[in-house]
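Visitor: One structure is given below, represented as structure tokens, and several questions about it will come after.
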Amino acid sequence: MAKFDSATVVQRKLRAEFGINTPVEDRERSGRPSSISEKTIDKVSDTLKDKPQSSVRSVATDCSIPPTATHRIMTEYLALKPYKVQFVQQLYEEDLQDRVEMCKTLIPMLEDSHMQENLSFPDEATFYVSELVSKHNIRY
């Protein structure tokens, strides 16, 4: 059978062999330094104040910063979110009265307990048997 040393003896051997008692400090990082600094964050922020609807690529070109760094600055440091187009129905002035009347009609119906049992909210996605439905880029 193998002889097992106590935990203290093993710890002492490891510390002596690997120099664990030396101070633990971060070494200098290898690789390319980050292009994100306070200066670049301010530059991107100023560019977006002048042209708030700019794309990541146009801001990157204007600021001479890589697009990936520009995207990180915009999302992580400036807490901006991408704008996504939504398709909505246009409402006219005469629609307001129709909507009020419809609400007045539906509220008493919803108070009826039998009506709530018969309500259903189907998903109106159009699909085909042989194809997939992709609603990724469409927002209604």
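Visitor: Can you give the local net charge around Val100? Use residues other than it whose beta-carbon is closer than 15 angstrom to its beta-carbon, Lys and Arg +1, Asp and Glu -1.
Guide: Every neighbour counted, the sum reads -3.
Visitor: Can you give me the P(r) profile for the stretch 38-77? Cα pairs, bins 5 angstrom wide beginning at 0, each as a whole percent.
Guide: Calculated over all Cα pairs of the stretch 38-77, the distribution is 6, 30, 43, 21, 1 percent.
Visitor: Please work out how many pairs of lysine residues in the stretch 1-114 are eight or more positions apart (or on different chains) and have Cα atoms closer than 17 angstrom.
Guide: Value for the stretch 1-114: 5.
Visitor: Can you tell me the dipole magnitude for the stretch 38-77 around its Cα centre, using point charges on the Cβ only (Lys, Arg +1; Asp, Glu -1), in Debye to the nearest 20?
Guide: Using Cβ point charges on Lys, Arg, Asp and Glu, the stretch 38-77 gives about 120 debye.
Quick note: the coordinates plus some simple rules give every number you see, no bench work behind them. Remember, it's a predicted structure, so these values are computed and weren't measured experimentally. Neighbour counts run over all protein chains shown; Cβ positions are idealised from the backbone, glycine included.
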